[in-house]
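K.L.:
There's a structure below that I have some questions on.
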Amino acid sequence: MRAGDSDRQHVADQLRTALELGRLDLPEYDERLQKTYAAKTFGDLDGLLDDLPDTSAPTADSQLIVPRRNDALVPDVDGRFPNATARWLAHTWDGYFATVAIVVAIWAVICLMTAEWLYFWPAWVAGPWGAVLLVSTIGGLASGEPQKWASGQAREHKRKRAKEQRELEED
């Protein structure tokens, strides 16, 4: 039976957890991860998790596996973070779009209340800020900022998980 992307990702997540817990060393993790992403069938995935505690091998029902949390950035085998650019752009621009939407909504409500088209003052918020963001985005893309940002986010996420784990162990 052929394995899907979610099946391979589930095994990769289990391997990453084993690496973080010290159950696998880096060369063994790398070897198993390469086999995981090269797997075409469930048979190819068999045995990759068998000797690790607290893991389960993929089953025919693995399409029902809950996907990993989207807030965790996990690097590929080559150390690069997939979708880092899209996530960095969303992180960079989300405050801008939210603010512009709010000021345009305020302008629209005022126009409705006065029953006339007023001067479009939100352009003074959107224009300069958008120009600064555009320049910084282009510079950031040229300098590889998305990967640097993703690496920092992954470190922060790992630090928070370690802190949560320590707190659980203390209780």
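K.L.:
Please work out the FRET efficiency for the pair SER151 and ALA98, using the Cβ-Cβ distance as r and a Förster radius of 25 Å; give the result to the nearest 0.05.
P.N.:
Numbers: r = 26 Å, r/R0 = 1.03.
E(calc), rounded to 0.05, equals 0.45.
K.L.:
Straight distance only, please: which aspartates and glutamates reach the Cα of LYS158 with their own Cα at less than 18 Å, same-chain residues fewer than 8 apart left out?
P.N.:
Filter leaves ASP13, GLU20, ASP25, ASP71, ASP76, GLU167, GLU169.
K.L.:
Rounded, prolate or oblate, given the Cα gyration tensor of the stretch 84-170, with a/c below 1.5 counting as rounded?
P.N.:
oblate
K.L.:
For VAL100, VAL74, VAL132, which order do you get if you count the other beta carbons within 10 Å of each Cβ and list the fewest first?
P.N.:
Final ranking by Cβ density, sparse to dense: VAL132, VAL74, VAL100.
K.L.:
Helix-only estimate, please: 222 nm mean residue ellipticity of the chain, summing -39500 (n - 2.57) across DSSP H runs of length 4 or more and dividing by its residues, to the nearest 500.
P.N.:
On the way: 6 runs with 110 residues, N = 171.
Mean residue ellipticity, 222 nm, calculated: -22000 deg cm²/dmol.
K.L.:
Take the eigenvalues of the Cα gyration tensor for the chain, scale each by 5, and report the square roots as semi-axes in whole Å, largest first.
P.N.:
Computed over the chain, the values are 45, 18, 17 Å.
K.L.:
Apply the Karplus curve 6.51 cos²θ - 1.76 cosθ + 1.60, θ = phi - 60°, to the phi angles in the stretch 29-44 and return the couplings in whole Hz, x for Gly and Pro.
P.N.:
Result, rounded to whole Hz: 4, 4, 4, 5, 5, 4, 5, 4, 6, 8, 5, 9, 10, 5, x, 5.
K.L.:
Starting from 0.36 nm per residue, how many nanometres of slack lie between SER6 and GLU170 once their C-alpha separation is accounted for? Before the final figure, lay out each step's value.
P.N.:
Numbers: separation 164, 0.36 × 164 = 59.04 nm, distance 3.39 nm.
This chain segment gains 55.7 nm when fully extended.
K.L.:
Using 0.36 nm per residue of separation minus the Cα-Cα distance, give me the extension gain between ARG23 and VAL74 in nm, one decimal. Can you show the working numbers first?
P.N.:
Values: separation 51, 0.36 × 51 = 18.36 nm, distance 1.81 nm.
So the chain would gain 16.5 nm between ARG23 and VAL74.
K.L.:
Test of understanding: what is the full-extension gain from VAL109 to ARG161, defined as 0.36 nm times their sequence separation minus their Cα-Cα distance?
P.N.:
The span from VAL109 to ARG161 would gain 14.3 nm if fully extended.
K.L.:
With a cap of 10 neighbouring Cβ atoms within 10 Å, and only residues DSSP puts in a loop, list the chymotrypsin sites (Phe, Trp or Tyr not before Pro) found in the stretch 102-171.
P.N.:
Passing sites in the stretch 102-171 are TRP117, TYR119.
Each reported figure results from applying straightforward, stated rules to the coordinates on display, with no laboratory input. Not measured: the values here are computed from a predicted model. Neighbour counts are summed over all protein chains in view; Cβ atoms, including those assigned to glycine, are modelled from backbone coordinates with ideal geometry.
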